[in-house]
Each structure stands twice: as structure tokens, then as C-alpha cells.
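Have a look at the structure below, then the notes.
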Amino acid sequence: MEKHLFNLKFAAKDLERNAKKSEKSEREEKVKLKKAIQKGNMEGAKIHAENAIRQKNQALNYRRMSARIDAVSARVQTALTTKQVTGSMAGVVKSMESAMKSMNLEKVSQLMDRFETQFENLDVQSQVMENTMCNSSTLTTPQSQVDSLMQEVADEAGLDLNLDLPSAQHSAVGQSTASASGEQDELSQRLAKLRQM
């Protein structure tokens, strides 16, 4: 069983290494994306954006699988520990039986303390396993990621990207600008009245 536990931990580390490789590839694709935008090559930029997103998702999938394997290895570890604790408890029970026969209360008390300690250790290990299982998460990928990534890279590079933005965003910007200028006019009028007094 210890061999299986080692193999699980090794597999989790291997997946983590693959996740790091995918993240490196994602960064390389973002650099290519930036260069394509600078040259005005929108088709090439889309391809690099798709590749970057694919590498990012692959890294997330590797990390998710690594977390699942970690959770399984925690369960195996708990099973091994439980087996050891069960063996210890069996020994404690036998010792308790002999102590009860001799009615040595001090010895019975010491054995009960050991017994309770074994259960506390088991509770702690069970809690660690449950926490590990709760840490695995699921992720969803929205359809607009390619445009979003292209815009982000263009913004970082200080480039103008000619993507058609939804009209709702333009109207919202126009409305907020109009309301801000209306408030500014109102404040200017109030300030002028105060100066006249």
C-alpha cells in the first residue's frame, strides 16, 4: 500500500510540472499575440489567443487532476494510518482487559488516555482528508475569452485594437459621461451663486 501511495504522490507532482509547462506556453503565445496585433495581423492574433487560452485551460486541467490525485493519496494515507491506529487500539484493548482483571485503576486510567489519544489522531487525519477533498474546484470557460484576451494584451501594449464592441457599452459610457457633465454643470451653478453672496 505504501508503494501505491508513493506512486500517487509522484503522479500529482508530474501533473504539476505539466501545468507549469502549459503556463509557460501560454505566456509565449501571449507574446506572439502581442506581436501579431502590433503588425495588424488579426487572424494570426486570433490563432495565438486561442492557443494561449487552450494552454491556460490545459494547465488548469492538470492542476485539477493533480488536486484529485492528492485527495486520493490523502485517503490512502488515512487508510494506512487507520490500519495502524486499529492495530494500536487492539493492543490497548488487550492491555485494558488485563488491567481490569487486576483492577489497577491507575493502569486503567493510563490505558484510557492512550485510547483517547489514538481516536484524536484519527479525527485530525480525517479532518485533513476532508479539507483536501473540499479544495478541488471546477472552472468554466466563457465564449468571449478570445476577444477579452486580445483586448487585454492590446491594452497592456498600448495598442488600438479594432474590435467591434457591443453598442450597449457605448451607450452606457455615453450616459455616464452625460450624467457626469450634468452634475458638473449643477455644481458650477451652485458655486457661482455662493460667490455672488
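Every number here is computed from the coordinates shown, using simple stated rules; none is lab data. Nothing here was measured: the structure is a model prediction, and the numbers come from that model. Using ideal geometry, Cβ is built from the backbone for each residue, glycine included, and neighbour counts are taken over all protein chains shown.
Laid out as a table, the results:
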| item | result |
| --- | --- |
| 18 Å Cα-Cα reach of Lys46 towards lysines, excluding residues that sit fewer than 8 places from it in its own chain | Lys30, Lys32, Lys34, Lys35, Lys56 |
| Modelled FRET efficiency - R0 41 Å, Leu159 with Lys9, Cβ distances, 0.05 increments | 0.35 |
| For the stretch 9-86: relative contact order, % (alpha-carbon pairs under 8 angstrom, 6 or more apart) | 44 percent |
